[in-house]
1. If the cut-off is a Cα-Cα distance under 18 Å, which aspartates and glutamates reach LYS90, setting aside same-chain residues fewer than 8 apart in sequence?
2. Go ahead and run the numbers for FRET between ASP23 and TYR68, Cβ-Cβ distance against an R0 of 25 Å, rounding to 0.05.
3. What ranking do 128-139, 66-77, 37-48, 101-112 get when scored by the average of other Cβ atoms within 10 Å per residue, highest first?
Amino acid sequence: MKKTLFIFFFFLLIYKSNVQALDWAYWFVVHDGKVYEVKEQESISASELGELIGEVETQADDYTGDYYGDASNYYKIGTRYFEITGVPIKNAIAVETGPNSYTKAVYIHDVPLEKQLSIFNVSLWIIVGAVFFVMLFIVVLISKQR
């Protein structure tokens, strides 16, 4: 019983709690490791679109600010990205903002390395640690019963 209480209090100590959400400075999308700021006032016509180059696959976390892969802090999963004819992808892309409605998104910076590598994700390590300690606890209980 004492071990169970110890483990419970140990997890309470390492539990990371965020009580407030972020207020994003701008809407963004991530494509191929690059962050693009969506310029709401800069519409793109369908005739200016090039090839489909990707889509939003994950949402940015409003509490931690974490994101990975082709993500967005505003647009839903499945929102498509297109090339803009005559504009290099490294400078700008078009984001589908509605049916037959497209908006320009301009490159602002590369995704920081720690966001590219999931090994730095603190929540992942907390989950891995919790699973490890639960498994260790089970092994200890089983070995004591024999």
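1. The reachable aspartates and glutamates, counting only those whose Cα sits under 18 Å from LYS90, are ASP32, GLU37, GLU42, GLU48, GLU51, GLU55, ASP70, ASP110.
2. Working: r = 21 Å, r/R0 = 0.84.
Efficiency computed from Cβ-Cβ geometry: 0.75.
3. Working: 128-139: 11.4, 66-77: 17.7, 37-48: 13.5, 101-112: 15.9.
Result, highest mean Cβ count within 10 Å first: 66-77, 101-112, 37-48, 128-139.
The numbers here are math on the coordinates, done by the rules we state, and not lab data. Note that the structure is predicted; figures quoted are calculated from it, not measured. Here Cβ is always computed from backbone atoms with ideal geometry, including for glycine, and neighbour counts include all displayed protein chains.
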